[in-house]
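Worksheet: one structure, shown below.
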């Protein structure tokens, strides 16, 4: 097994694998190390909605990057499907954002204002119009139809990314994690020593461990991005492929119901500050099931394939960390909060460019991991 | 691999493995074939309460067998723990049966009458007394404390049974199922041809496929017991081992909350006639979580390890099928409904005795698989 590469990626979530794939396409020799399995931290727990959950993701430097990432998404998906020879479940059905009471109508108006400012087409619907396009819904007071909002099946996405990486020559090592960085004193990071006793050497190492990036004890504390886990429960449903419960993604408080291929639907999600606990919480799953069966009684006839919980990497100021770290030889790509799937093409391209010596695209400039960060109003944990 | 045995058991649930273990202890050469994994049909989905859920299980010939089985249980468990060198999670904490409204109080009185008739000690508790012994409970109107009601951890039980079988020389073949019976014309069953192309020969074959026993297409229809699946959803909870949500099993409408070792608790169950669908139903899981978090708010702080659904083998007249079938060389052990864990020691001993030529114990006489069966009031699907 070769132990020397051009780029070493620690973490095989959607960000790490996007980095690795893009770098390999540029001709770099890439190795990915992953402690568990690809995508189990947060990526495959995500709904895969290609539109942010929070209005602030449309504003400021994050908004510029969100728009750039969304513009890149369709090409990214099509290229990935060709490279991996299989679908990622990209659907362009649009999304219906709904409100059931006064507070939710106010939140909907914030979303409308953000979409308007971002130049995203949408349509305001009254209760009757919502019922016309999604006749299964109950107790909806108002809606926003966003016809351009697409979605991707995150389980398929991660499988395709791993396959595209392997086909592009990336070495993916599963079940290992770094124990220490290889560096001479305070010199640059030159690689890592792994839990299986082997080493990987590379002029650039990328920390892409999602919510666990702040816990990378193999790095000095100053080099670890201050991300915290933001838990999100989901329920994967199985039903009749001929009778999907909704015709498009329906988004509201306590997450979304998102139709996928083969009678599958994704349901959730919650947003909880609950440390690194990985199991779904009783109250969260109960609330999701209660809320959504009341909104959409047809869900009562479906079955549960699995319940799960993802831990999103949230940053203190609401902006991701993408770029070189305080230590030479180490870059960071994490902190995308609820927008990791959306931002993956952008983060992948940015770090691949850095690794290839082309420098970072300007749009990720504000995400410099070396910036001073403080809690900001952007770090909402509002439950939408 | 030897293909000739004294006894062939089809199905590695709690009944099939109990039969195999007891037969091997009698010196018989035993083979078990199992399509999936031991206990996945209904056994490991069960709460493991060693007291029936339905009052009718205490009455008539079923009641006599229930009492005999329960009397055998402690010795069975201790012997099994020694044989398999590991715990089955037997706890003698007693159980609290609760009622929250008038209908449930009436059901509780039926249980009290059945316990009284069966000579089982119990104590009637008012709301205050229930709150004293289980202070976490809310909205309880009345209770019955059954101090002698024990429980077993069904996951551990099945693991121990499989291990005890293997140690006793039983050959357990996983991932195979019979395609046809080996018999000369209308002669006795002499063995089976399996899905992997191999054969198993034995003078006695036992059909112990739980709810799937009626679907044994490798047997003539007349030899298949008319069992149907009765679905039951459950939720496995994880919490702080130092702070179990209840001190003993608490039983009521929509099942029970049953503390197990290591901070685990078992929660459920429902009773649904829903065919052979194996996934838990959305509405059932929602109802269980809603009902029990209202009764026991501390559950909100626990996590979900898994949700699942077992298919219990229900018989038309409410009595199991244990004994020789209409075809020579074939015996049956299934149809225990919600009482499979309770009856396992009895069914195992009975079929082992039959296989060894000692004849069936009288207590299982009424369970003759050759009896004419018709729907009877005993086949309740009442949701307790």
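For region A:159-176, the condition of being surrounded by fewer than 18 Cβ atoms within 10 Å (Cβ to Cβ), on the phi < 0 side of the Ramachandran plot and without any contact (Cβ under 8 Å) to a residue 60 or more places away in the chain holds for at least one residue.
With respect to the stated conditions, residue A:307 is part of a strand (DSSP E or B) and at the interface with chain B (Cβ under 7 Å from one of its Cβ atoms). Being within 10 Å of chain A (Cβ to nearest Cβ) and assigned to a helix (DSSP H, G or I), is that true of even one residue in region B:257-271? No, region B:257-271 has no match at all. Do we have residue B:328 as within 14 Å of chain A (Cβ to nearest Cβ) and either under 24 Å from residue B:10 (Cβ atoms) or in contact with a helix residue (DSSP H, G or I) (Cβ under 7 Å, 6 or more places away or on another chain) (or both) here? Criteria not met by residue B:328. Among the residues making up region A:200-246, those that are in a strand (DSSP E or B) and either farther than 30 Å from residue A:293 by Cβ or free of Cβ contacts under 8 Å to residues at least 24 places away in the same chain (or both) are A:200, A:201, A:204, A:205, A:206, A:207, A:228. Screening residue A:276 with (1) within 14 Å of chain B (Cβ to nearest Cβ); (2) surrounded by fewer than 24 Cβ atoms within 10 Å (Cβ to Cβ); (3) more than 23 Å from residue A:315 (Cβ to Cβ) gives one miss only, at (3).
The condition of being assigned to a loop (DSSP other than H, G, I, E, B) and surrounded by fewer than 23 Cβ atoms within 10 Å (Cβ to Cβ) holds for only one of A:155, A:148, that being A:148.
What do you reckon, is residue A:317 outside any helix (DSSP H, G or I) and surrounded by fewer than 24 Cβ atoms within 10 Å (Cβ to Cβ)? Taking the combined requirement at face value, the residue satisfies it. Of everything in region A:284-301 that's more than 20 Å from residue A:46 (Cα to Cα) and touching a residue at least 40 places away in the same chain (Cβ under 8 Å), which residue is farthest from the other protein chains (Cβ to nearest Cβ)? Looking at the filtered set, the residue picked out is A:295. Within region B:120-130, does at least one residue satisfy the condition of being part of a helix (DSSP H, G or I) and surrounded by 21 or more Cβ atoms within 10 Å (Cβ to Cβ)? Scanning region B:120-130, I find at least one residue that is part of a helix (DSSP H, G or I) and surrounded by 21 or more Cβ atoms within 10 Å (Cβ to Cβ), so the answer is yes.
Residues considered: B:213, B:180. Of these, the only one that is over 25 Å from residue B:76 (Cα atoms), under 26 Å from the mean Cα position of the chain (by Cα) and outside the structural domain of residue B:310 (by TED's automatic domain parsing) is B:213. Applying the set (1) under 26 Å from residue A:45 (Cβ atoms); (2) touching a strand residue (DSSP E or B) at 6+ places or on another chain (Cβ under 9 Å) to residue A:158 leaves exactly one unmet item: (2). Here is the figure for region B:79-96: residues that are farther than 24 Å from residue B:257 by Cα and within 18 Å of the chain's Cα centre (by Cα) total 1. Quick one: would you say residue A:322 is part of a strand (DSSP E or B), more than 28 Å from residue B:240 (Cα to Cα) and either within 15 Å of the chain's Cα centre (by Cα) or within 13 Å of chain B (Cβ to nearest Cβ) (or both)? Here the answer is yes, as residue A:322 does meet what is asked. Scanning region A:290-310 for residues that are under 28 Å from residue A:71 (Cβ atoms) and buried (at least 24 other Cβ atoms within 10 Å of the Cβ) turns up at least one hit.
Restricting A:284, A:333 to those that are within 30 Å of residue A:216 (Cα to Cα), outside any loop (DSSP other than H, G, I, E, B) and in the same structural domain as residue A:201 (by TED's automatic domain parsing) reduces the list to A:333.
The values are calculated or read from the model by the stated rules, or taken from the named source; none is laboratory data. Just so you know, these numbers come straight off a predicted model, no measurement behind them. Positions of Cβ are generated from backbone atoms using ideal geometry, with glycine treated the same way; all protein chains shown enter the neighbour counts.
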